[in-house]
1. Starting from the Cα gyration tensor of segment 111-172, take the square roots of the eigenvalues, sort them a ≥ b ≥ c, and report rounded, prolate or oblate (rounded when a/c is under 1.5, otherwise prolate if a/b is larger than b/c, else oblate).
2. Whenever you get a sec, compute what percent of the accessible area on segment 30-91 sits on carbon and sulfur atoms (1.4 Å probe).
3. Where a ≥ b ≥ c are the square roots of the eigenvalues of the C-alpha gyration tensor, would you call segment 15-167 rounded, which needs a/c under 1.5, or, failing that, prolate if a/b is larger than b/c, or oblate?
Amino acid sequence: MFEALTGTGLAASAGLNAYIPLLTMGLLARYTEAISLPAGWSWLSNGWTLVILGLLLTIEVVADKVPVVDHLNDVVQTFVRPTAGGLAFGAGSASETVTVSDPGSFFTSHQWVPIVIGGLIALGVHGVKTASRPVVNASTAGFGAPVASTAEDFGSVVMSVLAIVLPVLVLIGLLVLLLGTVWVVRKRRRRKRERISGVETRQLFG
């Protein structure tokens, strides 16, 4: 149960920002006892891995806060975030944490399962994020991009830490993401109706 919540929270976090959950796991594994990575995932806490993840995170943080550039970044991240989500779920669900002492019993016979699940979760969250950004940019003339991006980065950090330290609270984060999905769908439908109405009005009076 907790292994699944840990993996789910990390994968969802990767859907918002590919590098935050991986960097969080690596840093906590290297400098604290909050998480103990299994042998196959110990490379996440390697010094060079952390430096590379830190550099990639810096680029991602900057690019995601600039209108137009954020859209191009989301296109590229369509491949990166699901991959990171699969890695995050695989590593997180197989690690010992403050709440999980026997992670090896969760996916014993099918080690590929958590990676696939994590990729799908991250892809779903990425889809919602990508769909919401044009709505935010259009309704704020682009000024909302850095605010939305900062909120997403903060949410990714919180979700990553909670997934490791207190995974039961991941359920709250998933509820917030669900509500965000509903908001995005409603906004996009409203914009579509407004565009159709505008076209019909122009045709009628133009």
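1. Because a/c hits 1.5 or more and a/b fails to exceed b/c, segment 111-172 counts as oblate.
2. Carbon and sulfur: 75 percent of the exposed surface of segment 30-91.
3. prolate
The values are calculated or read from the model by the stated rules, or taken from the named source; none is laboratory data. Not measured: the values here are computed from a predicted model. We work out accessible area using only protein heavy atoms, side chains counted, and drop any ligands, DNA or RNA first. Shrake-Rupley method; radii C 1.70, N 1.55, O 1.52, S 1.80 Å.
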